[in-house]
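Following: one structure in structure tokens, then a few remarks.
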Amino acid sequence: MHQVDAFADRPFAGNPAAVVILDDWLAEPTMGAIAAENNLPETAFARRRPDGDWDLRWFTPTQEVDFCGHATLATAHVLMAEDGHDGPVSFHARVGTLRVARDGGGYAMDVPSLPPDALDDPPPELDGAFDRPPHALFRNFENLFADLGSEGAVRAFVPDLPRLTRLGRMGLCVTGRGDAASGADFVSRYFAPGGGIPEDPVTGSTHATLVPYWSERLGRTSLRAHQASARGGWLDCDLSGSRVTLRGRAVTFLAGHVRLPPDMG
């Protein structure tokens, strides 16, 4: 098992993920237990397919999820930087096919575009979650999004985590247009306490929806994004039809071995 900081060019930044390369899947309770033991935002499990591609699954400390960008980037980094695979690599997951290639000193990750579905009113679980009504509310298949208008509003947002826990498996992403001084076209933060992630440091999957949203708002298909968490991270993003490309770096923090009891597999 490796632990990788994704969307980072140095340790202790970006978003940490554990990566476990398998010959075949372990039992789901075992993979869930490993993820809970790691207590990282995501633990990724990958196995080689007969065609040379990879199957990929992701677990938070509490549940399996359908889509995780930063742990996909971390897995590609382990395969190419640690295990000697030439790349590019293609992953098959619940959300579809994800492709990662080397890109200078980092990686380019190609993921499906998940255009935003507008919401007229917040769900009852979000009643009272905002000091003032968001500029826009929208969603994709797994998350809710609120455009708070500005980078300052995103940075100042104080999440009511017990309230957000009522969303269950869904998370909340708040976003706003970047300030001229920051260098970001847009910023975001992401909270999924119901899924075991109070605040995610850098979330690749939300950008599959943020990029088409801000591309339409700003009239450009190439955007620079910043996730304004405590650790923080930068993503260079491109929208091309039904696909989004996210560019970033990754660094290995540690490598080790998982020692399972004989009755777990």
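The values are calculated or read from the model by the stated rules, or taken from the named source; none is laboratory data. Fair warning: this is a prediction, and the values are worked out from it, not measured in the lab. FYI the Cβ positions are ideal-geometry reconstructions off the backbone, even for glycines, and counts take in every protein chain you see.
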Completion exercise
Within region 157-186, the count of residues that are without any contact (Cβ under 8 Å) to a residue 40 or more places away in the chain, among the aliphatic types (A, V, I, L, M) and assigned to a loop (DSSP other than H, G, I, E, B) comes to 4
Exercise for the section: Please go through region 204-246 and pick out each residue that is of a type in the set (Phe, Trp, Tyr) and farther than 21 Å from Leu137 by Cα. Expected result: Trp234
Problem - Residue satisfying all of: in region 194-218; assigned to a loop (DSSP other than H, G, I, E, B) and modelled with pLDDT of 95 or more; farthest from Arg243 (Cα to Cα) among these - result: Pro201
Problem - Among (1) surrounded by fewer than 21 Cβ atoms within 10 Å (Cβ to Cβ); (2) assigned to a strand (DSSP E or B); (3) among the basic types (Lys, Arg), the one test that Arg189 misses - result: (1)
Problem - Number of positions in region 132-152 that are under 19 Å from Ala228 (Cα atoms) and modelled with pLDDT under 95 - result: 0
Practice task
Might you let me know whether region 181-191 holds any residue that is modelled with pLDDT of 95 or more and among the aliphatic types (A, V, I, L, M)?
Solution key: yes
Problem - Residues located in region 104-134, provided they are assigned to a loop (DSSP other than H, G, I, E, B) and touching a residue at least 60 places away in the same chain (Cβ under 8 Å) - result: Gly105, Ser113, Leu114, Pro115, Pro116
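Results for (1) hydrophobic (A, V, I, L, M, F, W, C); (2) in contact with a strand residue (DSSP E or B) (Cβ under 6 Å, 6 or more places away or on another chain), shown as yes or no for each residue.
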residue: Glu37; (1), (2): no, no
residue: Pro50; (1), (2): no, no
residue: Asp55; (1), (2): no, yes
residue: Thr72; (1), (2): no, yes
residue: Met80; (1), (2): yes, no
residue: Gly84; (1), (2): no, no
residue: His92; (1), (2): no, yes
